[in-house]
Amino acid sequence: MDYIQGFNRDQLFMMDFEANVPQDSWARIVDLFVETLPLDELGFEDLLNDQGRPPFKASDLLKLLLYGYKNQIRSSRKLEKACKINLEVIWLLKGLRPSARKIAYFRKNNANAFKQAFRYFVLILKEADLIEGQTIAIDSFKIRAQNSLKNNFNQKKIDRHLAYIDDKIEQYEKELNQNDEVDSKKKIVIQNKIATQKTRKADYKNIEKELQESGESQISTTDPDARAVVLHRNIVNVGYNIQAGCDGKHKLFINNDTGSVNDTHALSPMAIDAKELLGVDKMNCITDKGYTTAVQIDTCIKNNIATYSSPKEHSSQKNGLYNMNTFVYDAKNDTYTCPAQQILYTNGKIYNKRNHRVKHYKTKACKGCELREKCTTNKSGRFIERSIYQEALEQNEKRVEQNPEYYKLRQQITEHQFGTLKRQWGFTYTLMKGKQHVLSEVNLMMICYNLRRLMSIFDIDVLKNRLKALFLSFFPKMSSFYSFLRLYNSQINFILFDKSKKVKPLNAFC
Ligand code: SF4
């Protein structure tokens with residue numbers, strides 16, 4: 001039977017790398033993007049040696065990382081290998097072969113520079129009107145950390161381990177004491193077991209001390225910044241909860257952060273950071289109910305950010321008793337009127353309740369009230385806690401109810417990016433330890449995502465030309481300008497820079 005034949009391996013070939021990399025290749029876009037970045041100003045450091053071989057250029061290593069992160073090649077060893085076997089990478093790095101260690105050091109030493117590069121890119125996109133800054137959506141996704149669940153402790157877990165060890169020690173000591181006829185060999189074995197358990201106990205005591213000194217509710221021993229998070233449904237693992245802000249116009253990433261295991265306190269820091277970065281006077285911010293916290297919404301409003309955060313159910317709505325909607329608040333007198341038309345008063349004191357600041361409202365009429373069974377199970381009668389930021393919460397609820405279609409934009413603006421990062425690009429776990437370094441990976445991923453998104457928005461040739469033009473006009477340093485011109489002289493669409501033709505360079509993307 002006749003089959004399609006491959007080439008003859010013994011034949012000598014002349015190979016053109018340029019021809020082997022397609023014009024619409026990711027490698028070409030990355031090459032163009034990095035060459036036009038002002039790396040020194042962004043804080044990238046070359047890996048300088050005092051002696052010996054000259055260092056690799058930061059731009060080459062950044063290109064390698066951006067190429068790899070988009071293509072699920074993230075580990076430094078895999079990237080090192082790609083430099084030898086991947087034709088696109090060989091083209092991109094012009095045959096350079098940095099070692100895994102060099103790649104890892106570069107990634108480790110430039111955490112802040114990755115962040116600056118991402119934010120610089122966002123500013124450029126804003127200047128180009130690809131990011132509007134009118135409507136942003138904030139949401140979070142979880143990734144696993146370099147820390148196993150076994151190496152994450154809270155007080156409950158430590159107590160459980162200590163109790164188990166104490167039991168074991170007691171059991172071994174009993175064995176020793178009860179049976180005087182235990183032969184010396186067995187005695188030594190049991191004594192060794194006791195010693196082992198005592199060492200383990202000392203280790204757990206140290207962890208307990210660390211936990212208490214940290215003031216946190218949990219501690220991770222391999223990556224101290226990692227926390228036990230609910231990955232999805234009821235599956236708990238040690239990881240990071242990554243916050244991401246996205247713009248409504250083209251669904252591009254704006255900013256990111258990580259810290260808390262949930263979203264309760266993330267709204268105002270993220271929204272204010274996005275507003276300041278984009279330099280806008282006001283902004284709308286859409287989030288799901290995980291972000292709905294009175295104090296956060298109040299802070300946003302004070303910063304000219306209108307929140308559209310899905311209202312949370314009041315706890316009274318779940319227990320079958322009169323819910324809070326049946327109590328009418330009188331702002332003028334600062335009182336509530338209950339379903340039995342009784343007035344609930346406050347003593348004016350503000351109480352700290354976990355992270356909330358609340359006022360209490362109650363009435364003596366509860367004692368003889370006929371509706372009491374439907375209203376409260378509390379012996380002293382119904383009492384209402386009202387956040388001092390309740391007004392902000394109510395304004396937010398009103399906005400969401402009056403604009404249901406606008407609120408529905410949230411899912412369109414923000415969630416699909418996480419699917420791309422996690423499912424398509426394999427970003428379900430981090431390779432780095434520590435918040436700052438984990439954010440390095442997030443920033444690299446987000447640069448890749450925004451860049452890849454531009455490839456969908458524009459025709460590839462248009463994108464290439466406009467990328468060159470845009471970066472040049474946004475960062476008009478003469479040195480960069482001339483080096484850029486030398487590099488791309490043959491390809492630049494000079495019309496974009498010809499002021500006599502009244503074409504604004506910064507609108508090159510529009
Ligand atoms: S129990 Fe108290 S708060 Fe509830 S309806 Fe009766 S008087 Fe009003």
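To check my understanding: the extent here is largest minus smallest coordinate of the Cα atoms along each principal axis. What are those three numbers for the chain, in Å, largest first?
Extents along the principal axes, in whole Å: 94, 85, 62.
Can you work out the accessible area per residue across the chain, with the rest of the protein chains kept in place, probe 1.4 Å, in square angstrom?
Averaged over the residues of the chain, the accessible area is 56 Å².
Counting helices only, and only those DSSP H runs with n ≥ 4, report the 222 nm mean residue ellipticity of the chain as the sum of -39,500 (n - 2.57) divided by its residues, in deg cm²/dmol to the nearest 500.
Calculated at 222 nm, the ellipticity per residue is -14500 deg cm²/dmol.
Can you tell me the order of 100-108, 403-411, 58-66, 359-367 when each peptide is scored by its average per-residue count of other Cβ atoms within 10 angstrom, highest first?
Ranked from most to least packed, the peptides come out as 58-66, 100-108, 359-367, 403-411.
Report in % the part of the accessible area of the chain that belongs to carbon and sulfur, leaving out ligands and nucleic acids; probe 1.4 Å.
Using a 1.4 Å probe with all protein chains present, the chain comes out at 48 percent carbon and sulfur.
What are the lysines whose alpha-carbon lies under 22 Å from the alpha-carbon of Lys464, with same-chain residues fewer than 8 places away excluded?
Lys63, Lys70, Lys94, Lys126, Lys249, Lys251, Lys477, Lys499, Lys501, Lys502, Lys504
If you wrap a convex hull around the Cα atoms of region 377-479, how much volume per residue is inside, in Å³?
Per-residue hull volume (Cα only) is 300 Å³.
Could you give the dipole magnitude of the chain about its Cα centre, charging the beta-carbon of Lys and Arg +1 and that of Asp and Glu -1, in debye to the nearest 20?
For this selection, approximately 640 debye.
Counting Lys and Arg as +1 and Asp and Glu as -1, what is the net charge of the other residues whose Cβ lies under 14 Å from the Cβ of Phe327?
Charge balance near Phe327 sits at +1.
Helix 111-127 sits at what angle to the longest principal axis of the chain, using alpha carbons and giving 0 to 90 degrees rounded to 10?
80
If you add up the charges near Gly43, with Lys and Arg at +1 and Asp and Glu at -1, over every other residue whose beta carbon is less than 13 angstrom from its beta carbon, what do you get?
-2
The values are calculated or read from the model by the stated rules, or taken from the named source; none is laboratory data. These figures come from a predicted structure and were not determined experimentally. Don't worry about glycine lacking a Cβ; one is built from the backbone with ideal geometry, like all the others, and counts go over all protein chains shown. Each accessible area value is taken on the protein alone, full model and side chains, heavy atoms only, with ligands, DNA and RNA left out. Shrake-Rupley method; radii C 1.70, N 1.55, O 1.52, S 1.80 Å.
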